[in-house]
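Participant: This is the structure I want to talk about, given as structure tokens.
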Amino acid sequence: MATKDPTAVERANLLNMAKLSIKGLIESALSFGRTLDSDYPPLQQFFVVMEHCLKHGLKVRKSFLSYNKTIWGPLELVEKLYPEAEEIGASVRDLPGLKTPLGRARAWLRLALMQKKMADYLRCLIIQRDLLSEFYEYHALMMEEEGAVIVGLLVGLNVIDANLCVKGEDLDSQVGVIDFSMYLKNEEDIGNKERNVQIAAILDQKNYVEELNRQLNSTVSSLHSRVDSLEKSNTKLIEELAIAKNNIIKLQEENHQLRSENKLILMKTQQHLEVTKVDVETELQTYKHSRQGLDEMYNEARRQLRDESQLRQDVENELAVQVSMKHEIELAMKLLEKDIHEKQDTLIGLRQQLEEVKAINIEMYQKLQGSEDGLKEKNEIIARLEEKTNKITAAMRQLEQRLQQAEKAQMEAEDEDEKYLQECLSKSDSLQKQISQKEKQLVQLETDLKIEKEWRQTLQEDLQKEKDALSHLRNETQQIISLKKGLVWLKDKEATHCKLCEKEFSLSKRKHHCRNCGEIFCNACSDNELPLPSSPKPVRVCDSCHALLIQRCSSNLP
């Protein structure tokens, strides 16, 4: 005959002893009919049997002084898995008389029985076999099916009420010996009717436990299926990792090629910088000669502004006198509304003129691409116009400030209008002559305002032209600065996210260098191609460089 595994025999014996102990405890407790205490013999034997079951297959833990083999470690683990068990663990650790881990484990079992949650706590423990493997051998009772059966049998203990005094009991020095005489009974003791009724109830509990065991088996099978799916996903990830390594090797080869191209570009940019330095020096000399003439123009404009400011102050004084009368305020409001409508019409006309000027500029740009001498002369003119724009903008700001002050004065006059209304009615006869005189003055003011509008329109046109010239100069200076700095070619390892959309790079979202700024972008943010000064053929550029280069081309137009 084939010899049986001794560990399997031990598990079977412990399972049978647990069945007898639980069955005898339930039968005796039901016949006893009262709350059980610590001196009840079947209850004492139950704790001894549970202690042997929990000790089976327990790993020996080495310490500095001795070898430690205790069941308190796995029971203490229940607190992390079942939050309601934290109260039991805390109360066990607070007991003053307990000094050994075995004593704490015995106290834990007694408190769990009183709470009627021993089966729930141990069920959470046997489900986590990966955590139990730290405390038990693979052949231990808690790691096999016998442990699940015992946990199912423990559900029947919920019908028992126990009141156990843990504080005064010496749990550290107790010797746990199983008394088999309690479970060896005569055949005459089995025939009682009351016992048959109790056995029927126990059988019902057994059926419940078997149903619970089936549910546990279904959860185990579902866990096995999850493990299989995880293994399949792991193999897929390994294959993807191999593909990613191949792509990295290819990208490294492309990086070497791009570095060689970068060196050639640097050589070309250095040569171009030397040429641009000579051009900048000549432009500075011409700028110094032209500055003297612009200073004279600035003095003339300043004198004109002083005259205009005096005229404006006279107008404001007259408006302050006229504000005291209601009829004059209404006329002034109508004039202001007309002025606003006229300004809006002039703005619409200016926008249309700007669109026409843009179309003309595009045509002129196509004609003047080959004329480099004409561009140099325009650059000198632009330098002169830049100072003019500064002067004109200062004059415009002063005029706007005066207009704002006049509007504020008008608003204050409206508030004071109600106060002076009664006084104006009494003095209306004497002021009618003054009204006729003021109407003549208003006619003169209207003519002055028309002259100012025409002057303002001419200033806006000159300002627009000078802004275009200034933007052209700024673009050229930015090109010179960018050429001085040179291209900074960012390494692939340094970039983990796209520069524009800030999305992380992956196998589907690959990296692409912008041939203008050297930064790394995704395909969606760098799907543009334009010719650059370093390469006449169209090359890949990012969206921001594409917009900047298009703006430069449009600003180069006269």
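Participant: Counting only residues that are among the hydroxyl-bearing types (S, T, Y) and outside any helix (DSSP H, G or I), which one in segment 24-60 is surrounded by the most Cβ atoms within 10 Å (Cβ to Cβ)?
Facilitator: Y40
Participant: If you don't mind, there's one more thing I want to ask. Could you please give the count of residues in segment 88-118 that are in a helix (DSSP H, G or I) and either in contact with a strand residue (DSSP E or B) (Cβ under 6 Å, 6 or more places away or on another chain) or more than 24 Å from I150 (Cβ to Cβ) (or both)?
Facilitator: Result for segment 88-118: 6.
Participant: So L500 passes all but one of these: (1) assigned to a loop (DSSP other than H, G, I, E, B); (2) open to solvent by 60 Å² or more (accessible area, probe 1.4 Å); (3) out of contact with any Phe, Trp or Tyr (no Cβ under 8 Å at 6 or more places or on another chain). Which condition number does it fail?
Facilitator: (3)
Participant: Kindly establish whether D204 is closer than 29 Å to P101 by Cβ and either at pLDDT below 90 or open to solvent by 80 Å² or more (accessible area, probe 1.4 Å) (or both).
Facilitator: No, not satisfied.
Participant: For the list (1) modelled with pLDDT under 75; (2) within 30 Å of Y420 (Cα to Cα); (3) open to solvent by less than 70 Å² (accessible area, probe 1.4 Å); (4) not β-branched (V, I, T), I need the number of the one condition that G374 fails.
Facilitator: Tallying (1) modelled with pLDDT under 75; (2) within 30 Å of Y420 (Cα to Cα); (3) open to solvent by less than 70 Å² (accessible area, probe 1.4 Å); (4) not β-branched (V, I, T), G374 fails exactly one: (2).
Participant: Looking at (1) open to solvent by less than 90 Å² (accessible area, probe 1.4 Å); (2) over 30 Å from P533 (Cβ atoms); (3) over 33 Å from the mean Cα position of the chain (by Cα), find the lone condition where V227 falls short.
Facilitator: Condition (3) is where V227 drops out.
Participant: Sort out which residues of segment 314-346 are of a type outside the set (D, E, K, R), more than 19 Å from Q405 (Cα to Cα) and at pLDDT below 75, and write them in order of number.
Facilitator: Of everything in segment 314-346, those that are of a type outside the set (D, E, K, R), more than 19 Å from Q405 (Cα to Cα) and at pLDDT below 75 turn out to be M325, H327.
Participant: Among all residue pairs at least 6 apart or on different chains, which show Cβ distances below 9 Å where the first residue, located in segment 504-520, is without any contact (Cβ under 8 Å) to a residue 24 or more places away in the chain and in a loop (DSSP other than H, G, I, E, B) and the second is of a type in the set (K, R) and surrounded by 16 or more Cβ atoms within 10 Å (Cβ to Cβ)?
Facilitator: If the second residue must be of a type in the set (K, R) and surrounded by 16 or more Cβ atoms within 10 Å (Cβ to Cβ), the pairs left are F505/K511.
Participant: What residue, of L264, L284, is assigned to a helix (DSSP H, G or I), open to solvent by 90 Å² or more (accessible area, probe 1.4 Å) and more than 30 Å from I382 (Cβ to Cβ)?
Facilitator: Step by step, each of L264, L284 is checked, and only L264 is assigned to a helix (DSSP H, G or I), open to solvent by 90 Å² or more (accessible area, probe 1.4 Å) and more than 30 Å from I382 (Cβ to Cβ).
Participant: Do we have any residue at all in segment 476-483 that's among the polar types (S, T, N, Q), surrounded by fewer than 16 Cβ atoms within 10 Å (Cβ to Cβ), part of a helix (DSSP H, G or I) and modelled with pLDDT of 85 or more?
Facilitator: No: segment 476-483 contains no residue that is among the polar types (S, T, N, Q), surrounded by fewer than 16 Cβ atoms within 10 Å (Cβ to Cβ), part of a helix (DSSP H, G or I) and modelled with pLDDT of 85 or more.
Participant: Sticking with this one: For a quick check of your reading of the model, give me the residue pairs whose first member lies in segment 79-90 and is touching a residue at least 40 places away in the same chain (Cβ under 8 Å), whose second is aliphatic (A, V, I, L, M), with beta-carbon atoms closer than 9 Å and at least 6 apart or on different chains.
Facilitator: Partner pairs satisfying both residue conditions: L81/L125; L81/I127; L81/L131; Y82/L125.
Participant: On to the next question. Looking at D172, D120, which one is surrounded by fewer than 20 Cβ atoms within 10 Å (Cβ to Cβ), at pLDDT 90 or above and farther than 12 Å from F47 by Cβ?
Facilitator: D120
Participant: Then there's this: Quick test for you: out of E439, E414, pick the one residue that is part of a helix (DSSP H, G or I), at pLDDT 75 or above and open to solvent by 50 Å² or more (accessible area, probe 1.4 Å).
Facilitator: Sole residue among the options that is part of a helix (DSSP H, G or I), at pLDDT 75 or above and open to solvent by 50 Å² or more (accessible area, probe 1.4 Å): E439.
Participant: Show the residue pairs meeting these rules: Cβ distance below 6 Å; 6+ apart or different chains; first residue within segment 131-153 and in contact (Cβ under 8 Å) with a residue 24 or more places away in the chain and closer than 23 Å to I22 by Cα; second residue open to solvent by less than 20 Å² (accessible area, probe 1.4 Å) and hydroxyl-bearing (S, T, Y).
Facilitator: M142/Y136; M143/Y136
The values are calculated or read from the model by the stated rules, or taken from the named source; none is laboratory data. In this text the structure is predicted, and so the values were computed from the model without any measurement. Methodologically, a virtual Cβ is constructed for each residue, glycine included, from the backbone with ideal geometry; neighbour enumeration extends over all protein chains shown. Accessible surface areas use protein heavy atoms only, side chains included; no ligands, DNA or RNA. Shrake-Rupley method; radii C 1.70, N 1.55, O 1.52, S 1.80 Å.
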